[in-house]
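What follows is a short report on a single structure.
The values are calculated or read from the model by the stated rules, or taken from the named source; none is laboratory data. Because the structure is a prediction, the values reported are computed rather than measured. For neighbour counting, all protein chains shown are included, and Cβ atoms are generated from backbone atoms with ideal geometry for every residue, glycine included.
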Amino acid sequence: MTASHDSVIAVSVSAFAEMVSDHTPAPGGGAVAGVVAGFAAALAAMAARFAIPTATDSAGHAILLDRVEELRIRCCSLAEADTHAYAEFATARLTPTADGGELRRQAMAVAKAAAVIPPFNLAEAAREIAEIGLELVNSGSPHLRPDAYAAAAFASAAASVAAILVSVNVSADDIRLSQAHAHAAAAAHAANRAAGAVRPPVGAIWA
């Protein structure tokens with residue numbers, strides 16, 4: 001991310017897409033995954049709002065709404081954090097090597113450790129969004145089931161990307177690796193269940 005770029009969460013969707021397509025490595029996949037998860041949470045929030053007035057458990061859906069709104073804000077913040085973490089890593093790579101490279105190695109190790117944090121946290125948040133999406137498919141307004149499914153599906157994709165980004169920044173024996181992939185697998189399971197619940201029978205027409 002160059003100094004001329006604005007915050008990834010303070011620009012229009014079109015401007016963000018332009019930032020991603022620019023000839024710079026950040027914002028990249030992690031930031032996009034964070035934004036996608038944020039939109040997934042927004043879809044789930046919409047579905048929850050429509051469910052509250054008519055649901056048998058309106059209080060429970062109100063709790064889901066509050067939680068998914070927290071997750072929406074968190075995911076957008078993680079998109080921002082991922083962009084800055086990559087920028088710090090890119091800066092560390094430019095550390096002079098006049099001392100034989102030790103200072104550069106230390107700087108890169110610190111930056112790499114920091115770069116793991118946003119995608120790891122995103123994998124966990126996206127898993128929860130996917131599971132809330134599934135819950136809303138099953139218990140929310142029938143008219144919003146496709147949107148609740150979309151929330152689960154987009155969150156699952158974000159969790160999968162986040163897990164891959166964790167894997168390229170940690171060693172094979174780092175517990176966060178297995179945890180991130182577990183979050184991604186759980187999100188995918190939720191999205192698949194949501195798809196099964198919302199998909200019409202063959203030959204059916206959407207009402």
- [ ] Report yes if PRO96 is surrounded by fewer than 21 Cβ atoms within 10 Å (Cβ to Cβ) and either assigned to a helix (DSSP H, G or I) or modelled with pLDDT under 95 (or both), otherwise no.
- [x] yes
- [ ] Evaluate region 103-113: report whether one residue or more is surrounded by fewer than 20 Cβ atoms within 10 Å (Cβ to Cβ) and within 20 Å of HIS183 (Cβ to Cβ).
- [x] yes
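To keep it simple, each residue is scored yes or no on (1) of a type in the set (A, V, I, L, M, F, W, C); (2) in contact (Cβ under 8 Å) with a residue 24 or more places away in the chain.
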{"position": "THR91", "(1), (2)": "no, no"}
{"position": "MET108", "(1), (2)": "yes, no"}
{"position": "LYS112", "(1), (2)": "no, yes"}
{"position": "ALA115", "(1), (2)": "yes, yes"}
{"position": "ALA123", "(1), (2)": "yes, yes"}
{"position": "GLU128", "(1), (2)": "no, yes"}
{"position": "SER139", "(1), (2)": "no, yes"}
{"position": "PRO142", "(1), (2)": "no, no"}
{"position": "ASP147", "(1), (2)": "no, yes"}
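Working only within region 14-34, note down all residues that are farther than 18 Å from GLU131 by Cα and in a helix (DSSP H, G or I). First the steps, then the outcome.
Within region 14-34, the first condition is being farther than 18 Å from GLU131 by Cα, and the residues that meet it are 14-32.
Matches in region 14-34: SER14, ALA15, PHE16, ALA17, GLU18, MET19, VAL20, SER21, GLY29, GLY30, ALA31, VAL32.
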- [ ] Answer yes if at least one residue in region 40-55 is buried (at least 17 other Cβ atoms within 10 Å of the Cβ), out of contact with any strand residue (DSSP E or B) (no Cβ under 9 Å at 6 or more places or on another chain), of a type outside the set (Ser, Thr, Tyr) and closer than 24 Å to ALA115 by Cβ, and no otherwise.
- [x] yes
- [ ] Please name all residue pairs, on different chains or six or more residues apart, with Cβ atoms under 8 Å, provided the first residue is in region 50-65 and is in contact (Cβ under 8 Å) with a residue 60 or more places away in the chain and the second residue is β-branched (Val, Ile, Thr).
- [x] HIS61/ILE52; LEU64/ILE132
Open item on the list: Within region 169-181, does at least one residue satisfy the condition of being buried (at least 22 other Cβ atoms within 10 Å of the Cβ) and among the hydrophobic types (A, V, I, L, M, F, W, C)?
Closed with: yes
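Identify, please: which residue in region 140-180 is touching a Pro at 6+ places or on another chain (Cβ under 7 Å) and of a type outside the set (Val, Ile, Thr) and is, among those, farthest from LEU65 (Cα to Cα)? Don't jump to the end; show me each part of the working.
Let us first name the residues in region 140-180 that are touching a Pro at 6+ places or on another chain (Cβ under 7 Å), namely 162, 165-166.
Checking the rest, the ones that are also of a type outside the set (Val, Ile, Thr) come to 162, 165.
Values: ALA162: 24, LEU165: 29 Å.
Selected residue: LEU165.
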Task: Residue list for region 120-152, filter: under 15 Å from VAL198 (Cβ atoms) and crowded, with 24+ Cβ neighbours inside 10 Å - done: ALA130, ILE132, GLY133, LEU134, LEU136, VAL137, GLY140, ALA148, TYR149, ALA151, ALA152
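Test SER156 against the criterion of being touching a helix residue (DSSP H, G or I) at 6+ places or on another chain (Cβ under 8 Å) and at negative phi, and give yes or no. Walk me through it before giving the result.
On the way: touching a helix residue (DSSP H, G or I) at 6+ places or on another chain (Cβ under 8 Å): yes; at negative phi: yes.
Here the answer is yes, as SER156 does meet what is asked.
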Task: Neighbours by Cβ (under 9 Å, 6+ apart or cross-chain): first from region 22-33, under 16 Å from SER160 (Cβ atoms); second aromatic (Phe, Trp, Tyr) - done: GLY28/TYR86; GLY30/TYR86; ALA31/PHE16; ALA31/TYR86; VAL32/PHE16
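Please indicate, with yes or no, whether at least one residue in region 63-83 is part of a loop (DSSP other than H, G, I, E, B) and β-branched (Val, Ile, Thr).
no
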- [ ] Provide a single number: the residues in region 53-86 that are of a type in the set (A, V, I, L, M), modelled with pLDDT under 90 and under 20 Å from PRO146 (Cα atoms).
- [x] 1
